[in-house]
Amino acid sequence: MIRLLLVHDACLVRSVLAEWLRREPGLGVWDTPWRTAPGRVRSVRPDVCAADLDCDDAYGIPPLGEVGPRGTGPAPPGLLVLATAHRPGLLKRALEEGALGYVDKASPPDRLVHAIRRVAEGKRFVDDSLGFGFLKAAEMPLTRRELSVLTLAAEGASVAEIAGSLHLSHGTVRNYMAAITRKTGARNRIDAIRISQGEGWL
């Protein structure tokens, strides 16, 4: 029996998908929104965590590190993400957090089931349709920390709010913003956000 935890913030989508997956032989399925996902990982102890990369909380940054193979606990789950090719920034985050499975949200449901079984075996699964997204992710000039800073800035957070959220000093946040502006070829913070959103990094 593969113990699966499905993480998705859209209640209707999550409920329907979880119910459909429960019909599959050999799958035990639990589901949760992102805000309660870390606690559910600790209580359910799943073999696989299938997580939607779109997150309503934390300024849209999914806390992948708390639900994947680098999380806490004696036997952290294999991480599988539901993604789209036009959000390469999120694909890059998932890759850095050690995700094994990458399923395109536009794929048929049986692809998800196949991916779950592959990840449960410790094997990699990548939808071919996400190849372009991975190419874009490889070209992305921003570091993971810079992306975190810019994501918060794009949501309207002030320097003080960004510093508090990421446990950084105000000066460090300003240095990151200066590096982001330089790397993106932007004129200012607003322009850097516009360029990054246009490229799908945010």
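The values are calculated or read from the model by the stated rules, or taken from the named source; none is laboratory data. Because the structure is a prediction, the values reported are computed rather than measured. Neighbour counts run over all protein chains shown; Cβ positions are idealised from the backbone, glycine included. Keep in mind that these areas ignore ligands, DNA and RNA; they rest on the heavy atoms of the full protein, side chains included. Shrake-Rupley method; radii C 1.70, N 1.55, O 1.52, S 1.80 Å.
With a cut-off of 13 Å between beta carbons, the residues surrounding HIS167 carry a summed charge of 0, where Lys and Arg count +1 and Asp and Glu -1. Using the Cβ of ARG118 as centre and a radius below 11 Å, the other residues enclosed give a net charge of +3, where K and R count +1 and D and E count -1.
The computed Cα extents along the principal axes in Å for the structure shown corresponds, within (i) 55, 33, 30; (ii) 41, 38, 37; (iii) 57, 35, 33, to (i). Label positions at ASN175 and GLU161, each projected 7 Å from the Cα along the C-beta direction, are separated by 2.4 nm. How would the range 82-131 be classified by its alpha-carbon gyration tensor: rounded, prolate or oblate, with rounded meaning a/c under 1.5 and the a/b versus b/c comparison settling the rest? Oblate is the answer for the range 82-131, as a/c is 1.5 or above yet b/c matches or exceeds a/b.
The fraction of accessible area contributed by carbon and sulfur in the range 80-121 is 56 percent, rounded to a whole number (1.4 Å probe; ligands and nucleic acids excluded). Excluding ligands, DNA and RNA, the accessible surface per residue across the chain is 48 Å² with a 1.4 Å probe. When the chain is described by a simple charge dipole with +1 on each Lys and Arg Cβ and -1 on each Asp and Glu Cβ, the residue from LEU168, VAL16, LEU100 located farthest towards its positive end is LEU168. Each other residue within a Cβ distance under 12 Å of ASP128 adds +1 if Lys or Arg and -1 if Asp or Glu, for a net charge of -1.
With each label modelled as a point 7 angstrom along the Cα→C-beta vector, the LEU95-ARG3 pair spans 3.1 nm.
Residues TRP30, TRP201, ordered by accessible area of protein heavy atoms at a 1.4 angstrom probe radius and largest first, appear as TRP30, TRP201.
Here the chain is treated with +1 on each Lys and Arg Cβ and -1 on each Asp and Glu Cβ, and its dipole about the Cα centre works out to around 400 debye. For the range 1-54, what class follows from the C-alpha gyration tensor (a ≥ b ≥ c being the square roots of its eigenvalues): rounded when a/c is under 1.5, otherwise prolate if a/b is larger than b/c, else oblate? Oblate, since a/c reaches 1.5 and b/c is not below a/b. Of all lysines in the structure, the ones whose alpha carbon falls short of 26 Å from that of LYS123, not counting any fewer than 8 places away in one chain, are LYS92, LYS105, LYS136.
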